[in-house]
Structure formats: structure tokens, C-alpha cells
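A.B. asks: A single structure is presented below for examination.
The values are calculated or read from the model by the stated rules, or taken from the named source; none is laboratory data. Bear in mind the structure is a predicted one, so any value in this text is a computation, not a measurement. All Cβ positions, even for glycine, are placed from backbone atoms using ideal geometry, and neighbour counts span all protein chains on display.
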Amino acid sequence: KSVVAIVGRPNVGKSTIFNRLVGERISIVEDTPGVTRDRIYAEAEWLTTNFNLIDTGGIELGDEPLLVQMRAQAQVAIDEADVIVFMVNGRDGITGADEEVANLLFRSNKPVVLGVNKVDNPEMRENIYEFYSLGFGEPFPISGTHGLGLGDMLDEVIKHFPEREQEMEDDETIRFSLIGRPNVGKSSLVNSLLGQERVIASEIPGTTRDAIDTPFTKDDQDYVIIDTAGMRKRGKVYESTERYSIMRALKAIERSDVVLTLIDADTGIQEQDKKIAGYAHEAGKAVVIVVNKWDTMEVEEKTMKEFEDKIRDNFRFLDYAPIVYLSAKTKKRIHTLLPRVLEASENHAKRVQTNVLNDVIMDALAMNPAPSIKGQKLKIFYASQVSVKPPTFVVFVNEPELMHFTYERFLENRIRDAFGFEGTPIKIFARRRS
Ligand code: GDP
């Protein structure tokens, strides 16, 4: 998916535009306990094109001077985006700060679309001509508060998207990424999986937009490890900020089939672990929970069981994810990891037979009929799997409102029991049969 970044000095209205473009997509996502949504990076859609949007205004560097902040934000956009939306304020004219940003963007050679915000009515369009002098071609008058002009601007943005090959969809390669708090052992695990040399060999300093993805083959299966924040040594100021590392993690998750969410056995589960794991779940990716540094634990029969109970308790939303205990350092139990990754990936892409699915649903219904809501009874006519990655099912019913989430959960469990979806979330939607 292409990435669009919005940049500009403070108060030109970046966040308003961001929220407009992202629209309702964020709020319709189910509420998962323990997950706070970060609005710096989100999915957006224009006509039939989906893209990812970054609000660089959300990347803050504590109390650094404004100019340093703006430079860092522009740099994030330059590093990460395919197209940059440079926003200025039509009421203020061109300011020194705008020129600063313009200079940085100009040198980057990335496509830039100039949005002149706060042009709330047609008379104000007269003001936009001076912005030609910034050197980015036609300025697009927009109004974040009134939602005006966005379509024309987006048409222009989309024209600059690079053509992408469909390779990611068709091939058999399993793409996975490793996420987790700093120091949980992500780089160590990558090194252990690959053997030290390969990682060092592929480490290219100063690489910007293109993440370093490392391919390898194990038991005739091709894998690619997707680069994640914190796995390489980085030098720029903004790279240590939490929001930036979240953004990198989200980008890595997006490109993965399977996400390995790492936990440090030594320090135990922490609040941040839940938040990070929540991103993988929300993205609908296959998930494997990896408990690293298992070498630091007193090895007893019950240690693993106790740890598992804690994980299940803390990561209820990941009840489908298998847990692997290993040590990246000593390589103990490391051979148990890839089989789980493979299995999760296969289940993530699994398609079930419609007739078998319907047998399962009808059996479930017979065993445990849906409870009535306000005297009305849910009727299920049939079900069908509408997509994969993750497996998504539509259940056609008399009235979707009668599908209580506990009943949906029951159906999910029956489907899981019948088909084995270990490692992947599955989605179920109730639709009215027309
Ligand atoms: P990252 O920030 O998640 O990439 O973590 P690193 O891979 O840099 O590891 C952080 C620290 O944990 C380093 O000092 C590693 O040597 C140590 N470490 C990583 N894996 C293990 C492990 O399995 N056992 C132990 N005891 N230490 C580990």
C-alpha cells in the first residue's frame, strides 16, 4: 500500500485533515481492551484506492525547539512516504517556517502536493496564488473544517502513487515481523534464526524508505523477515521516539502475514507488551507469542504452565495465538518457532468448504440455539467464507441485531474447533438475508 504523509508547520490544520481523510475507519474498529489507538498512522481510502496516512504532527520530540521538530517531521515524511502532502495556511500567506519545510521537501525529490488549508469559502480562493512561489506547482485550496477541496487534492496525490507489483499476494513466501518492547530480544532472535553473518551483511547504513527484508529458506519453505523498528542501529533523533517506533512497527505489521510478538521472560509481562500485541491483533494478522530469554527461568515443570496462565490472562484478545518459549541467546527451543509460524500462516490463508461450514453452523445451532432478544429469535439461513487473511465469514440471518456477541463468540469457537484456525484471528459478520 502506498504511504502518504502530511507535513507542515504547527496549526495549519494537519490533524483536522488527517481525521477527515481517515474518516470513520478508526472508530468502527472493535474495542479491544488494553489497546489504545494511536492516530499518527491510519488507513484511508479514496475512490477505490487504499493507502496509509501519516500525520507527522503527531511525532513530538519533547521540548526541542520548533524548528528542530519541524525538520524531524519533514524527515519522517521524506523517509517513509511515497507522496507528501505539504500543508500551508491560506489565511497566513507564506511564512518563514513554510519556506523551511519547503526547502527540505524540495531537496528530497519526493512527489509533493501542496494543500492550502482554511480556504473556507470561494472568495478566499484569490489568496492561493502566492503559494505557487513555493515551487510545488498548483496549490490545492482545501478546508479541513468544511471538508472542501479534498477530492481534487486526493486525485492529484493518487496520480503519484508508484505502480506496485502483485507479488505479495500470490507467492508462497511467508512474511513475518518481530515486534516487542526495546530489549525483548528482537534483533537477537533474528540473528539466531539467520546466523549472525547474514544480518550484518544486509545491514545497510542510511537506508531510508525501503526497509531491509531478509529472505531465508528452511525446510523448503521460503520466509522473509520484515524489518521492524529498533532492529537496526539508528541515528536520527526522531527514531527514538515512541510514536515513531510504533509507526515503524505498524508498517512492518502491515506487510507481514505473521507477527511474532515478543515477551521477555526475565522482566515478565508489562503494560506496553499488551499495547504492542494489540496492534498485531487489530491488523488481522496471524500472531505467534514468543516468550524469549527462557534461559533465565528456573526450569521446572510448572514454570511454563504458570507463564502460560499469565499470558492468557493478560492477552485475552490473542487467545488464538500459540505460545513459544525459547532463548534467542542460547538457541534453546528455537527450533519450535518456525513450525508455529508456518502453521499460523497456513491457517491465516485457509479457505473452508461452504457445505462443511454450513454443517458446522447448523450443528452448533441445534446444540445451542440463539437466545431470544426482546422476544425475537435469531434465525440463521446460511454462512459463507468471504475472504482469507484473516478468514472472514458472513452469516446470513433474519435480523443482524439479534446476533449477540456472546453467540457470535460461540459460533467462532465451533468454527475453530471444526477447522483448526490456530494462530489466526477470524472474523464473523451477521448480514440480513435480502
Ligand atoms: P531488541 O531491542 O528487542 O532488538 O533486543 P536485543 O536483541 O538487542 O536484546 C536486548 C538484550 O537482551 C541484549 O543484551 C541481549 O543479549 C539480551 N538477550 C536477547 N535474547 C536473550 C535471551 O534469550 N536470553 C538472555 N538471557 N538474554 C537475551
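A.B. asks: Kindly indicate whether any position in segment 62-73 is of a type in the set (Asp, Glu) and either under 27 Å from LYS1 (Cβ atoms) or under 24 Å from the mean Cα position of the chain (by Cα) (or both).
C.D. replies: no
A.B. asks: Next question, about the same structure. Report, by residue number, each residue of segment 74-104 that is among the β-branched types (Val, Ile, Thr), at pLDDT 85 or above and within 15 Å of ILE6 (Cα to Cα). Lay out the reasoning, then the answer.
C.D. replies: Just the residues of segment 74-104 that are among the β-branched types (Val, Ile, Thr), to begin with: 76, 78, 83-85, 88, 94-95, 101.
Those still in the list that are at pLDDT 85 or above too: 78, 83-85, 88, 94-95, 101.
Those that are among the β-branched types (Val, Ile, Thr), at pLDDT 85 or above and within 15 Å of ILE6 (Cα to Cα): ILE78, VAL83, ILE84, VAL85, VAL88, VAL101.
A.B. asks: Related question: Search segment 311-331 for residues that are more than 13 Å from TRP294 (Cβ to Cβ) and pair each with any residue that is hydroxyl-bearing (Ser, Thr, Tyr) and within 16 Å of the ligand (Cβ to nearest atom) when their beta-carbon atoms are under 9 Å apart and the residues are at least 6 apart or on different chains.
C.D. replies: Short answer, once both residue conditions are applied: PHE315/THR261; LEU318/THR261; ALA321/THR261.
A.B. asks: If you don't mind, there's one more thing I want to ask. Being in the same structural domain as ILE174 (by TED's automatic domain parsing) and not β-branched (Val, Ile, Thr) is true for just one of GLU343, GLU422. Which residue is that?
C.D. replies: GLU343
A.B. asks: Could you list all residues from segment 33-61 that are under 15 Å from the mean Cα position of the chain (by Cα) and modelled with pLDDT under 70?
C.D. replies: VAL35, THR36, ARG37, ASP38, ARG39
A.B. asks: Yes or no: GLY185 at pLDDT 85 or above, among the small types (Gly, Ala, Ser) and surrounded by 14 or more Cβ atoms within 10 Å (Cβ to Cβ)?
C.D. replies: The answer is yes for GLY185.
A.B. asks: Here is a further query. For segment 273-292, which positions are within 13 Å of the ligand (Cβ to nearest atom) and either in a helix (DSSP H, G or I) or touching a His at 6+ places or on another chain (Cβ under 8 Å) (or both)?
C.D. replies: Across segment 273-292, the qualifying residues are ASP273, ILE276.
A.B. asks: A further question follows. Against the conditions (1) over 14 Å from ASP266 (Cβ atoms); (2) assigned to a helix (DSSP H, G or I); (3) within 14 Å of the ligand (Cβ to nearest atom); (4) in contact with a Ser or Thr (Cβ under 9 Å, 6 or more places away or on another chain), where does ASP295 fall short? Just the number, please.
C.D. replies: Looking at each condition in turn, ASP295 falls short on (1).
A.B. asks: Looking only at segment 381-390, which residues are more than 13 Å from VAL360 (Cβ to Cβ) and surrounded by 18 or more Cβ atoms within 10 Å (Cβ to Cβ)?
C.D. replies: Within segment 381-390, PRO390 is the sole residue that qualifies.
A.B. asks: Return yes when VAL299 is in contact (Cβ under 8 Å) with a residue 40 or more places away in the chain and not hydroxyl-bearing (Ser, Thr, Tyr) and no when it is not.
C.D. replies: no
A.B. asks: Let me ask something else. Looking at LEU114 and the list (1) of a type in the set (A, V, I, L, M); (2) at pLDDT below 90; (3) over 27 Å from ALA283 (Cα atoms), which single condition is not satisfied?
C.D. replies: Condition not satisfied by LEU114: (2).
A.B. asks: Do we have PHE176 as more than 16 Å from the ligand (Cβ to nearest atom), aromatic (Phe, Trp, Tyr) and either buried (at least 17 other Cβ atoms within 10 Å of the Cβ) or in the same structural domain as ASN50 (by TED's automatic domain parsing) (or both) here?
C.D. replies: no
A.B. asks: Tell me, which residue of segment 317-338 that is over 21 Å from ASP266 (Cβ atoms) and exposed (fewer than 14 other Cβ atoms within 10 Å of the Cβ) is farthest from the ligand (Cβ to nearest atom)?
C.D. replies: Going through the qualifying residues, I end up with ASP319.
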